[in-house]
C-alpha cells in the first residue's frame with residue numbers, strides 16, 4: 001500500500017523571471033511561485049541584463065546566474081528559504097563587484 005508521504009512528485013523550474021521586487025518561477029507541475037527579491041541579495045544587486053542570464057541546473061532542480069555567481073534551488077523556493085549566504089560572504093562579493101565595476105569604468 002502506498003502512502004501519500006512516500007510518493008514524491010519531482011517539480012522542476014521551466015521558466016524564470018526576475019522583477020524589481022520578486023523572483024518568479026514557473027514549475028513543471030503548472031504552478032507559478034514567487035519569492036521576494038530581498039531574499040536573494042545577489043539578484044537584488046544585479047543589473048536587468050545579469051538577472052536575465054540564467055541557466056537551469058540539474059534539469060531544472062535549480063537555477064544558476066553565472067554573472068552573479070548565484071544558485072537557487074527549487075526546493076529552497078518551495079520551502080520558503082531565503083539565501084543562506086553569510087553577511088561576510090555577501091559583503092566580500094559586493095566589494096569585489098564594486099572593485100571590478102570600478103576597473104571597467106577607468
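A straight chain from residue 49 to residue 33 at 0.36 nm per residue would run longer than the Cα-Cα distance by 3.6 nm.
With each label modelled as a point 7 angstrom along the Cα→C-beta vector, the residue 26-residue 64 pair spans 2.3 nm. Adding -39500 (n - 2.57) for every DSSP H run of four residues or longer, then dividing by how many residues the chain holds, sets the calculated 222 nm ellipticity at -9000 deg cm²/dmol.
With an a/c value of 1.5 or above and a/b larger than b/c for the gyration tensor axes a ≥ b ≥ c computed over the alpha-carbon atoms, the chain is described as prolate.
Axis of helix 87-105 versus longest Cα principal axis of the chain: the two differ by about 50°, to the nearest ten degrees.
Taken together, the values in this text are just the output of simple stated rules run on the coordinates, not laboratory data. Computed from a predicted model, the values in this text were never measured in an experiment. All Cβ positions, even for glycine, are placed from backbone atoms using ideal geometry, and neighbour counts span all protein chains on display.
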